[in-house]
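Colleague: To start, I am sharing the structure in question, which I have written as structure tokens.
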Amino acid sequence: MSGAAVMPYLLKFENEGVGLEHSVLEITKQGSGLDAILAICLTELAFGFIFAAGDLAGGIKKGLLEVIMGGAFGTLWGGLAGIFLEQEHESTLRTFAVFSGGSLGLLGLTKIGYPRGGPLACFLGTFICCCIWRQKKMHMENLSRHLTILWYLFQPLLFGIIGSRIDLNTVDWNIILQTILCFTISISVRMCASFSMLCLSEEMTTSEKLFVVLAWLPKGTVQAALGPVILETAINSRHGAEMESMGYNVLCIATTVALLASIIGALALLIFGRRLLSK
């Protein structure tokens, strides 16, 4: 799920007091965080296979080490921020803790040679400290508002990286068509699987289950973060023009998926979101 496309709608619905009865919005948010963490971990392992340079065992070890380092640092700073910052601390301080912890993870792990562990540290640390603060019954409204403002400021940079890399004159349109076909099949299967799993809950109504399925439809944030990294790694690895071409194709696939899923998901929530939730 893409937090970039969905979170503004979730915050808006939360402020309007809809979707609170069965914690539908909270379930959707938690699913977003777990989905991002899982996607990043699997991507790190895939990096180990792709850039193993003949040493498959070493590549797998490198991928696992990236995941471990990112997970360890994210757990450390997220746990410390969640434990030591209490209710009496202003939301501005908590916002600074989240922002600085994520930035330190991204920049610090890159500096010591584990660049792909940075996104995992950022996602996981924020997820952990916010979970701890919610357990302490701390007010999260101001923190959410501050982070939303930061997101609006930095979002153009994130997606602008992708836009600056894409050249329509060099795009392989056969790959784009194959991407659209794979996306259609996979997203249909995922929506059916998500609804089937939600049917195990007897508390949620059918309309609320449909809302969660629609909210989990968009993808884009992780693709925007990792797509350029794959191309950059392919270029820096010096494995030849073929590997660079494959990295560029991966970036094009990430861009296509992000555009399709985010637009379709955002329109679905805009049209049906409020109708599927109850006050």
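Colleague: Could you identify the single residue in LEU107, LEU124 that is of a type in the set (A, V, I, L, M, F, W, C), surrounded by fewer than 19 Cβ atoms within 10 Å (Cβ to Cβ) and part of a helix (DSSP H, G or I)?
Modeller: LEU107
Colleague: Would you be able to tell me the number of residues in the stretch 260-275 that are surrounded by fewer than 18 Cβ atoms within 10 Å (Cβ to Cβ) and either hydrophobic (A, V, I, L, M, F, W, C) or at positive phi (or both)? Explain how you work it out, then say what you get.
Modeller: Pass one, the stretch 260-275, residues surrounded by fewer than 18 Cβ atoms within 10 Å (Cβ to Cβ): 263-264, 267, 270-272, 274-275.
Keeping just the survivors that are either hydrophobic (A, V, I, L, M, F, W, C) or at positive phi (or both) gives 263-264, 267, 270-272.
Residues in the stretch 260-275 being surrounded by fewer than 18 Cβ atoms within 10 Å (Cβ to Cβ) and either hydrophobic (A, V, I, L, M, F, W, C) or at positive phi (or both): 6 in total.
Colleague: For ALA97, all conditions in the list (1) within 27 Å of LEU10 (Cβ to Cβ); (2) not in a helix (DSSP H, G or I); (3) not charged (D, E, K, R) hold save one; what is the number of the exception?
Modeller: (2)
Colleague: List the residue pairs whose Cβ atoms are under 7 Å apart, where the first residue sits in the stretch 126-139 and is in contact (Cβ under 8 Å) with a residue 12 or more places away in the chain, the second is open to solvent by 50 Å² or more (accessible area, probe 1.4 Å) and of a type outside the set (A, V, I, L, M), and the two are 6 or more positions apart or on different chains.
Modeller: If the second residue must be open to solvent by 50 Å² or more (accessible area, probe 1.4 Å) and of a type outside the set (A, V, I, L, M), the pairs left are ILE128/THR75; LYS136/GLN87; MET138/GLN87.
Colleague: Go through the residues of the stretch 83-99 one by one and say whether even a single one is over 22 Å from LYS136 (Cα atoms), modelled with pLDDT of 85 or more and surrounded by 12 or more Cβ atoms within 10 Å (Cβ to Cβ).
Modeller: No: the stretch 83-99 contains no residue that is over 22 Å from LYS136 (Cα atoms), modelled with pLDDT of 85 or more and surrounded by 12 or more Cβ atoms within 10 Å (Cβ to Cβ).
Colleague: Right, next: Scan ASN236, ASN249 and give me the residue that is within 23 Å of THR43 (Cα to Cα) and open to solvent by 70 Å² or more (accessible area, probe 1.4 Å).
Modeller: On the way: ASN249 fails: open to solvent by 70 Å² or more (accessible area, probe 1.4 Å).
Exactly one of ASN236, ASN249 is within 23 Å of THR43 (Cα to Cα) and open to solvent by 70 Å² or more (accessible area, probe 1.4 Å), namely ASN236.
Colleague: Name the single residue that is modelled with the highest pLDDT among those in the stretch 133-158 being buried (at least 17 other Cβ atoms within 10 Å of the Cβ) and not in a loop (DSSP other than H, G, I, E, B).
Modeller: Here the residue is TRP133.
Colleague: Is one or more of the residues making up the stretch 160-177 touching a helix residue (DSSP H, G or I) at 6+ places or on another chain (Cβ under 7 Å), under 24 Å from PHE13 (Cα atoms), open to solvent by less than 90 Å² (accessible area, probe 1.4 Å) and not polar (S, T, N, Q)?
Modeller: The answer is no, given that none of the residues of the stretch 160-177 is touching a helix residue (DSSP H, G or I) at 6+ places or on another chain (Cβ under 7 Å), under 24 Å from PHE13 (Cα atoms), open to solvent by less than 90 Å² (accessible area, probe 1.4 Å) and not polar (S, T, N, Q).
Colleague: When the stretch 3-37 is examined, which residues are found to be in contact with a Gly (Cβ under 9 Å, 6 or more places away or on another chain), closer than 18 Å to LEU259 by Cα and either open to solvent by 20 Å² or more (accessible area, probe 1.4 Å) or at pLDDT below 70 (or both)?
Modeller: Residues satisfying the conditions are GLY3, ALA4, ALA5, TYR9.
Colleague: Go through the stretch 201-215 and give me each residue that's within 16 Å of the chain's Cα centre (by Cα) and at pLDDT below 80.
Modeller: none
Colleague: I've got another one for you. Could you say which residue among VAL213, VAL229, VAL257, VAL189 is in a helix (DSSP H, G or I), free of Cβ contacts under 8 Å to residues at least 40 places away in the same chain, β-branched (Val, Ile, Thr) and buried (at least 16 other Cβ atoms within 10 Å of the Cβ)?
Modeller: Answer to the check: VAL213.
The values are calculated or read from the model by the stated rules, or taken from the named source; none is laboratory data. Computed from a predicted structure; not experimentally measured. Ideal geometry is used to build each Cβ from the backbone, glycine not excepted, and the neighbour counts take in all protein chains shown. Calculation scope for accessible area: heavy atoms of the full protein, side chains included, ligands and nucleic acids excluded. Shrake-Rupley method; radii C 1.70, N 1.55, O 1.52, S 1.80 Å.
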